[in-house]
Structure formats: C-alpha cells, structure tokens
1. Name the residue that is surrounded by the fewest Cβ atoms within 10 Å (Cβ to Cβ), counting only residues in the range 257-287 that are among the small types (Gly, Ala, Ser) and under 14 Å from Gly246 (Cα atoms).
2. Hey, any hits in the range 141-157 for a residue that's over 17 Å from Phe56 (Cα atoms), surrounded by 23 or more Cβ atoms within 10 Å (Cβ to Cβ) and touching a helix residue (DSSP H, G or I) at 6+ places or on another chain (Cβ under 6 Å)?
3. Quick one: count up the residues across the range 234-249 that are more than 16 Å from Glu287 (Cβ to Cβ) and part of a helix (DSSP H, G or I).
4. Scan the range 89-113 and report the pairs whose first residue is free of Cβ contacts under 8 Å to residues at least 60 places away in the same chain and whose second residue is surrounded by 15 or more Cβ atoms within 10 Å (Cβ to Cβ) and in a strand (DSSP E or B), with Cβ atoms within less than 7 Å and a gap of 6+ or a chain change.
5. When you scan the range 190-233, how many residues do you find that are in a helix (DSSP H, G or I), over 19 Å from Ala329 (Cβ atoms) and in contact with a helix residue (DSSP H, G or I) (Cβ under 7 Å, 6 or more places away or on another chain)?
6. Residues of the range 333-342 being in contact with a Ser or Thr (Cβ under 9 Å, 6 or more places away or on another chain) and either more than 16 Å from Val230 (Cα to Cα) or of a type in the set (Val, Ile, Thr) (or both), which ones?
7. Specify the residue that is surrounded by the most Cβ atoms within 10 Å (Cβ to Cβ); the eligible residues are those in the range 288-337 that are of a type in the set (Gly, Ala, Ser) and touching a Lys or Arg at 6+ places or on another chain (Cβ under 6 Å).
8. Return the residues of the range 46-63 that are of a type in the set (A, V, I, L, M, F, W, C) and surrounded by 24 or more Cβ atoms within 10 Å (Cβ to Cβ); say none if nothing qualifies.
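The values are calculated or read from the model by the stated rules, or taken from the named source; none is laboratory data. Predicted model only: the values in this text are computed from it and were never measured. Cβ sites come from the backbone with ideal geometry, for glycine too, and all protein chains shown count toward neighbours.
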Amino acid sequence: MTPSPNELRARIDEALTGFLSAVRVDVAAADPAALPMIDELSRVVGAGGKRLRPLFCYWGHRAAGGEDSDAIVRAGTALELLHTFAIVHDDIMDGSPLRRGLAASHVAMGSGRFGTSAAILTGDLAFALADRLLLEAGFDAVRLSAAFDWFTRMRLEVIAGQFADLVAAERREADEPAARRIAALKSGAYTVEKPLVIGAALAGATPQVIEALTAFGAPLGEAFQIRDDVLGAFGEPSVTGKDAEGDLREGKRTVLVAKARAQASAEDRTFLDAALGSPDLTDADIERVRDVLRSSGALDATLALIDELHAKALAELEAAPLISDVKQALRVLAETAVSRDA
C-alpha cells in the first residue's frame with residue numbers, strides 16, 4: 001500500500017482530533033478551568049500545517065520494512081504535537097503575533113502576562129502529550145524503547161538549537177558555520193532526520209537503514225531550515241501565515257545573514273549589524289536590509305546552497321538500500337520541504 005501525502009495527512013488529522021478529544025475528558029476531570037489549553041491546541045493544529053514530521057516518520061517506518069498501520073500514524077502524530085509545543089513557545093520568544101494566518105497562542109489566549117503564561121502552559125501540555133501519544137501508539141516495548149531514545153535525543157537537540165539561536169541573536173554574531181549548525185539543530189534534525197529514524201526504529205531497523213536515512217535526512221533537514229530562514233526575510237505573509245519581518249526584527253543570525261555579512265560592502269555590513277535586532281527598526285530599514293541581502297549576492301548564494309543540499313540528499317537516497325515505492329515517496333517529500341512558500 002502506498003498512500004498519498006494527502007491521504008496520510010487526513011489520517012494524521014483524524015488521529016490528532018481523536019486524541020485531543022480523549023484528553024479533553026481527562027483534563028475536564030482534573031479541572032474544567034484548564035480546558036482552554038486543550039481548546040487552544042485543537043485550534044492550532046486545526047489551523048493547518050504541512051504535517052511533514054509525521055510524514056517523514058511514516059516513511060522512515062516503511063523504509064525499514066514496517067507495515068502501514070494506525071500505530072505508525074499515531075506515532076507520527078506524536079511528533080506533530082511536539083511541533084505544536086515548539087511553535088507555541090517559539091512565537092512567545094520571538095514576539096510573533098501570527099501563526100498559520102491566525103493569532104499566535106500568546107495573543108489568542110489573553111492579553112499581557114496572562115496570555116503569555118497561558119500559552120507557555122499550553123505548549124508544556126503539548127510537550128507532555130506528545131510523550132503519551134508515542135508511548136500509547138501501539139508498539140512493543142523493545143522497539144518503543146529504541147524509538148524513544150531517538151525521540152529524547154531529538155528534543156535535546158531542538159532545545160539546544162533554539163538556545164544557540166537565542167544567544168547568537170543576543171550577541172549579534174554568528175558566522176556561516178555557526179549559523180548552519182544552529183539551522184541543523186533547531187529545525188533540520190527534528191523536521192526530517194530524526195522523524196525518519198524514529199519511524200525506522202519502530203520497525204526494528206538495521207544500523208544500515210538508520211545510516212542511510214540519516215545520510216538522506218541530515219542535508220535535507222538543513223535545506224528545510226535554510227529555506228525557512230529565506231521565508232523569514234522575504235516570505236509573503238498571506239502565504240506563510242506569519243509576519244513578514246519577524247526574523248529581521250529579532251536579529252536572527254541565519255545563514256542568509258551570515259552570507260550577507262561576509263559578502264556585503266563595509267558600509268552595508270555596518271548597517272546590517274546596527275539594524276538587525278534593533279527595537280527601532282523602521283519599515284524603510286527593513287527594505288534596506290532586504291536590498292543588502294539581495295545586492296550582496298547573499299540571497300542567490302543561499303538559494304544555491306539549498307539546491308546543493310537538496311541534490312546531496314537525493315543522491316544519498318538513490319544510493320540507499322530502500323524499495324522503489326519508499327524512495328519515490330521520500331523524493332516527493334523532499335521537494336515539498338525545500339520548494340515550499342510557507
């Protein structure tokens with residue numbers, strides 16, 4: 001059976017809805033006053049999303065010889081709940097007002113400190129529920145233990161990457177190698193590589209299959225995050241569902257910015273250093289930042305790097321000891337990851 005991405009997304013959404021409905025009963029039993037957190041999680045996951053992490057988890061499972069089942073869909077859905085935790089907290093840290101075209105959780109749940117505190121707790125709940133859903137997905141203890149080790153490693157990496165990103169913005173420094181390490185940790189590994197490996201571990205994957213999936217997933221995950229950084233500077237809000245210049249106002253030290261600092265004139269580099277992350281950044285300043293990113297050649301070089309990483313991932317996929325149906329599904333997902341506009 002080779003389900004299409006849309007068929008799998010429908011099953012993932014059904015699993016999410018069913019799980020959150022069941023948890024709602026437990027939360028109501030604990031204290032009905034806490035139900036707004038479940039309602040908010042339902043709103044966030046219902047607002048859209050590409051479901052890439054569950055899809056990569058599913059096809060990592062199939063790559064290792066696992067069968068199509070509701071259990072692997074539920075396991076992948078746990079990764080979507082973990083992603084929900086990450087975006088709720090990320091929007092708080094970045095002060096982003098929008099997510100998926102709607103109010104971010106810290107805005108939607110109330111004003112000021114209450115809204116922020118409520119959103120933090122809602123993200124914490126998603127983090128905890130992701131554990132529960134993975135543990136209850138329906139796999140035997142041995143395979144679940146192996147997958148949970150990768151799941152724990154993935155969470156450590158994404159949190160470490162987010163902190164490194166925070167430090168780089170605060171210090172207003174990060175060369176390209178540092179920016180690429182941050183990209184790989186904070187999103188690349190937890191979007192592509194580790195979901196593939198978690199799914200494979202749930203199928204009892206051999207070390208050779210794990211190695212092949214890692215070789216494919218690592219460059220593709222990095223390309224995914226670098227594409228995200230480009231969208232953070234040049235994306236169209238009506239398509240991305242997020243504010244257009246959040247990364248620039250936050251002063252994120254992305255690969256795109258690192259390339260611009262290395263390639264821009266001394267005058268433009270001085271402007272970038274002063275403008276990025278400034279609380280007084282004007283709309284005119286933002287447009288000049290974008291001009292520097294283009295005119296320095298940084299944007300073209302970054303897009304070329306994405307293409308290079310994509311090609312490397314596909315070459316590793318072709319060499320991998322995987323059946324043709326799995327390879328084709330992963331090619332389609334790879335294209336979605338690097339060519340997206342949102």
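1. Within the range 257-287, the match that is surrounded by the fewest Cβ atoms within 10 Å (Cβ to Cβ) is Ser278.
2. No; the residues of the range 141-157 include none that is over 17 Å from Phe56 (Cα atoms), surrounded by 23 or more Cβ atoms within 10 Å (Cβ to Cβ) and touching a helix residue (DSSP H, G or I) at 6+ places or on another chain (Cβ under 6 Å).
3. 3
4. Taking only residues 6 or more apart or on different chains, the pairs are Asp91/Arg99; Ala104/Leu98.
5. Result for the range 190-233: 11.
6. none
7. Ala298
8. Leu55, Phe56, Cys57, Trp59, Ala63
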